[in-house]
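Remarks on the structure that follows.
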Amino acid sequence: MAKIKYPPTRTRDQVDDYHGTPVTDPYRWLEDTDSPETRAWIEAQNEVTFAYLERIPERDSIRERLTELWDYAKAWAPVKRGGRYFQLRNSGLQNQDVLYVLESLDAEPRELLDPNGLSEDGTVALTRWEPSPDGRWLAYATSAAGSDWLTWRVREVDTGRDLPDVVEWSKFSGAAWSADSSGFYYARYDAPAPGTDYTGVNYYQKLYLHRLGEAQARDTLIYERPDEKEWGFGALTSEDGRYLILEVWQGTDVRNRLFYQDLHAGGPVVELIGEMEAAYHFVGNDGPVFYLRTDLQAPRGRLIAVDTEHPERESWRTLIAESDDVLGEVRLVHGEFIAVTLHDAYHQILRVSRNGDPLGAIELPTLGSIPSLGDALQLTGQPDDDEMFYAFQSFLYPVTIFRYDLARDEGELMFAPPLDFDPGAYVTRQVFVPGRDGTAIPMFLTHRRAMPLDGQNSTLLYGYGGFSIPLVPAFAASRLSWLEMGGVFAQANLRGGGEYGEEWHQAGMLHNKQNVFDDMIACAEYLASSGITSPSRLAIMGGSNGGLLVGACLTQRPELFGAAVPLVGVMDMLRFQKFTIGWAWVSDYGSADDPEQFKTLLAYSPLHNLRPGTRYPATLILTGDHDDRVVPGHSFKFAAALQAAQAGDAPTLIRIQTRAGHGFGKPTAIVIQEAADIWAFLVEVLGTRAGTVHPAEGVEPAG
């Protein structure tokens, strides 16, 4: 293709003083997303980007194949309340999943809520939902254009009609129903001042009780801390209805406080865990005895019993001790604990008695994971039920639903998706790559079984490495197209994530953040040295914190990659804390307001480490124009600076999705087109020819 002519981007003389160090910020004006000049810049950049993408011959056929692959029935694990089952389903290409209710597992599903009719373009999503304990009501939250802001409503399950209730300005909150199903607890912020930009910082979350049929103005304020602007409140009610539990969070710190209120006795909120010393998560209770999952004195996690009537530390009992595997979420079902553990970055399910005695494992189909939907792990059940449900997935195994009878110790397949793809010609394997300091870095590889080791395989390396979030084997229909074209998919489990507990997390945060980039670079070097690929055929991709990862690796080792795809990335490490919820990330990143942390951040901040006259790999930056998590100014400024610094002929493009946010709730049609554009870009710049490998050559599509 001809050399690209990029839109001119105005610079200005903006210099900030950080502890005596002057730092220029010539594209500061691009932080104002809605200014006329920025909107014109967005339009001009998109015009160049889409003109480039539309000239790629394979783009249309890739989109067509992606649409075929995506068009299969999907389902998530059902949730049982009041004898009813609530389940999300999708017929195939619906923009948003539809919520159904079943009166029994054998009953015909009845559509309860279809968010596809809430907007013409499918950008209003059903973000959160929670049935009442009696199964009569559904509290549900929608968000528009990918925003984190939630609007809550209440639907009567019998009639499918909404009450007049509308609850606004909620963010980072679920709905915790009262035991009598008369109302729910939720967290919110004060409404932004009129004319305030959506990127304004969010502080002073408050916890309220909303009673059905009443206006939000009459909601009862349950708890606030005007002396602690960074505190947030994750509320839940115990299954016996006696306790309101508050998991008090502060930013993205994995540590939290834990408070409770005895709803039967009344009285104040009690600070059971009043210090930020460790993570504490409420699992369930037997009267005043709380079961808590914690990493206190156990970086890989343990389960403890705390008697709230005798809360002294010496009275705490360990029920599930720390082991070599990470203790993930724990559920109380059938009077026992169901524990999901993480072993070398893939999941296992264990059964443990109320006294902590092992009861055996539930065998999973292959090396894979229990997926999450939003914040909810797809393993559901109630303390007194014999049955539980769980979803399972892997790189080549689509999300499948199982029912398990705990009384009979028998499982059964509930739902297997009819997918037009045969995984038999592909394989997933795990390797351990020596990091720069000798640490073993796990990496999953998925590719054709007959892959030649000639260094010519187009390879996509994906990573995250932050906030104690583990990357597990997960299914994505979009990746199947890449595999069919002969591509290799590599997923690296970097320090900073949660694959091996809190020590692994801390080894990749704050002043240790460079370890994350070194780990990713080591994985890239392994892929090249092992004959899987070569730098010219290696792409790197990641989103959000993973976008930061891509930006840092791109600036530190530009010669190691043939392409880079940073998605909604944190690119300006000196100013991220000034927008929306960015202040919350200081626990992982540090802040430029601290002189020592400033030095660390400046050393790797992608925006500040671009060097004019450098040959950077082909880059496709993706963001949403209304991302209120990682504001798009990060990507805008990075794109402008990268275009100015690029000395080579490789394209430097930014694709800006309008009416889109950080990613959650994005309509299927937009997701497919976005994936098609990414694959088409990689096909073009890596030299992959999409037509050279076809499903018929060794891979017979099912059906």
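Here is a list of conditions, (1) open to solvent by 30 Å² or more (accessible area, probe 1.4 Å); (2) of a type in the set (A, V, I, L, M, F, W, C); (3) closer than 18 Å to Ala490 by Cα, and Leu460 meets all of them except one; can you say which number that is?
Among (1) open to solvent by 30 Å² or more (accessible area, probe 1.4 Å); (2) of a type in the set (A, V, I, L, M, F, W, C); (3) closer than 18 Å to Ala490 by Cα, Leu460 violates only (1).
Would you check which residues across segment 254-290 are free of Cβ contacts under 8 Å to residues at least 24 places away in the same chain, open to solvent by 40 Å² or more (accessible area, probe 1.4 Å) and under 31 Å from the mean Cα position of the chain (by Cα) and list them?
Once the filter is applied, which keeps residues that are free of Cβ contacts under 8 Å to residues at least 24 places away in the same chain, open to solvent by 40 Å² or more (accessible area, probe 1.4 Å) and under 31 Å from the mean Cα position of the chain (by Cα), segment 254-290 yields Glu271, Glu275, Glu277.
Which residue pairs have Cβ atoms under 6 Å apart, sit 6 or more places apart or on different chains, and have a first residue in segment 101-123 that is in a loop (DSSP other than H, G, I, E, B) and a second that is open to solvent by 70 Å² or more (accessible area, probe 1.4 Å)?
The qualifying pairs are Thr123/Arg659.
Answer yes if at least one residue in segment 675-685 is touching an Asp or Glu at 6+ places or on another chain (Cβ under 7 Å), within 28 Å of Asp34 (Cβ to Cβ) and surrounded by 24 or more Cβ atoms within 10 Å (Cβ to Cβ), and no otherwise.
no
Can you tell me which residues in segment 201-239 are open to solvent by less than 50 Å² (accessible area, probe 1.4 Å), in contact with an Asp or Glu (Cβ under 9 Å, 6 or more places away or on another chain), not in a strand (DSSP E or B) and not polar (S, T, N, Q)?
Leu212
Does Cys523 count as buried (at least 20 other Cβ atoms within 10 Å of the Cβ) and out of contact with any Gly (no Cβ under 8 Å at 6 or more places or on another chain)?
no
Checking the structure you have, find out if any residue of segment 291-311 is among the aliphatic types (A, V, I, L, M), at pLDDT 95 or above, open to solvent by 10 Å² or more (accessible area, probe 1.4 Å) and outside any loop (DSSP other than H, G, I, E, B).
So far as segment 291-311 goes, no, none of its residues is among the aliphatic types (A, V, I, L, M), at pLDDT 95 or above, open to solvent by 10 Å² or more (accessible area, probe 1.4 Å) and outside any loop (DSSP other than H, G, I, E, B).
Can we say Leu359 is surrounded by fewer than 18 Cβ atoms within 10 Å (Cβ to Cβ), in contact with a Ser or Thr (Cβ under 8 Å, 6 or more places away or on another chain) and assigned to a strand (DSSP E or B)?
yes
For segment 27-47, name all the residues that are open to solvent by less than 40 Å² (accessible area, probe 1.4 Å) and in contact (Cβ under 8 Å) with a residue 12 or more places away in the chain.
The answer is Tyr27, Arg28, Trp29, Leu30, Glu31, Thr33, Thr38, Trp41, Ile42, Ala44, Gln45, Asn46.
Just name the residue that is least open to solvent (accessible area, probe 1.4 Å) out of those in segment 1-20 that are in a loop (DSSP other than H, G, I, E, B) and out of contact with any helix residue (DSSP H, G or I) (no Cβ under 9 Å at 6 or more places or on another chain).
The qualifying residue least open to solvent (accessible area, probe 1.4 Å) is Ala2.
Report yes if Val330 is within 24 Å of Val306 (Cβ to Cβ), in contact with a His (Cβ under 7 Å, 6 or more places away or on another chain) and open to solvent by less than 20 Å² (accessible area, probe 1.4 Å), otherwise no.
Here the answer is no, as Val330 does not meet what is asked.
Okay, residues lined up against (1) open to solvent by 10 Å² or more (accessible area, probe 1.4 Å); (2) not in a helix (DSSP H, G or I):
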{"site": "Gly547", "(1), (2)": "no, no"}
{"site": "Cys553", "(1), (2)": "no, no"}
{"site": "Thr580", "(1), (2)": "no, yes"}
{"site": "Ala584", "(1), (2)": "no, no"}
{"site": "Ala592", "(1), (2)": "no, yes"}
{"site": "Gln597", "(1), (2)": "yes, no"}
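Say we look at segment 389-420 and pick out the residues that are among the charged types (D, E, K, R) and surrounded by fewer than 16 Cβ atoms within 10 Å (Cβ to Cβ); which of these is farthest from Tyr346 (Cα to Cα)?
Here the answer is Arg408.
Looking at segment 417-437, is at least one residue polar (S, T, N, Q) and under 30 Å from Asp384 (Cβ atoms)?
Taking every residue of segment 417-437 in turn, none turns out to be polar (S, T, N, Q) and under 30 Å from Asp384 (Cβ atoms).
Within segment 351-362, can one find any residue that is in contact with a Pro (Cβ under 8 Å, 6 or more places away or on another chain) and in contact (Cβ under 8 Å) with a residue 24 or more places away in the chain?
Yes, segment 351-362 contains a residue that is in contact with a Pro (Cβ under 8 Å, 6 or more places away or on another chain) and in contact (Cβ under 8 Å) with a residue 24 or more places away in the chain.
Out of all the residues in segment 124-140, which are within 18 Å of the chain's Cα centre (by Cα) and either closer than 20 Å to Val630 by Cα or among the aliphatic types (A, V, I, L, M) (or both)?
Those that are within 18 Å of the chain's Cα centre (by Cα) and either closer than 20 Å to Val630 by Cα or among the aliphatic types (A, V, I, L, M) (or both): Ala125, Leu126, Thr127.
Could you figure out which of (1) assigned to a helix (DSSP H, G or I); (2) open to solvent by less than 10 Å² (accessible area, probe 1.4 Å); (3) closer than 17 Å to Asn46 by Cα; (4) in contact with a strand residue (DSSP E or B) (Cβ under 9 Å, 6 or more places away or on another chain) isn't true of Val565?
It is condition (1) that Val565 fails.
Out of Val306, Val289, Val283, I need the residue that is β-branched (Val, Ile, Thr) and closer than 30 Å to Leu494 by Cβ. Which one?
Going through Val306, Val289, Val283 in turn, the sole match is Val283.
Look through Asp148, Asp190 and report the one residue that is assigned to a loop (DSSP other than H, G, I, E, B), within 30 Å of Gly624 (Cα to Cα), of a type outside the set (Ser, Thr, Tyr) and open to solvent by less than 40 Å² (accessible area, probe 1.4 Å).
Asp148
Just checking, how many residues over segment 175-201 are modelled with pLDDT under 95, out of contact with any Gly (no Cβ under 7 Å at 6 or more places or on another chain) and not hydroxyl-bearing (Ser, Thr, Tyr)?
Of the residues in segment 175-201, 8 are modelled with pLDDT under 95, out of contact with any Gly (no Cβ under 7 Å at 6 or more places or on another chain) and not hydroxyl-bearing (Ser, Thr, Tyr).
Would you please name the residue that is surrounded by the fewest Cβ atoms within 10 Å (Cβ to Cβ), looking only at residues in segment 650-672 that are out of contact with any strand residue (DSSP E or B) (no Cβ under 9 Å at 6 or more places or on another chain) and at pLDDT below 95?
Out of the qualifying residues, it is Ala669.
Filter segment 49-93 down to residues that are part of a helix (DSSP H, G or I) and open to solvent by 30 Å² or more (accessible area, probe 1.4 Å), then give me how many there are.
Residues that pass the stated criteria total 11.
Could you pull out the residue among Ala639, Ala603, Ala644 that is assigned to a helix (DSSP H, G or I) and out of contact with any helix residue (DSSP H, G or I) (no Cβ under 9 Å at 6 or more places or on another chain)?
After applying the criteria, what remains is Ala644.
Return a yes/no flag: does segment 448-456 have any residue that is touching a Phe, Trp or Tyr at 6+ places or on another chain (Cβ under 8 Å) and farther than 30 Å from Tyr404 by Cα.
yes
The values are calculated or read from the model by the stated rules, or taken from the named source; none is laboratory data. Treat the numbers as computed from the prediction; the structure is a model and nothing was measured. Because the Cβ atoms are built from the backbone with ideal geometry, glycine has one as well, and the counts that use them run over all protein chains shown. The protein model used for the area step is the full one, side chains on, heavy atoms only, and it has no ligands, DNA or RNA in it. Shrake-Rupley method; radii C 1.70, N 1.55, O 1.52, S 1.80 Å.
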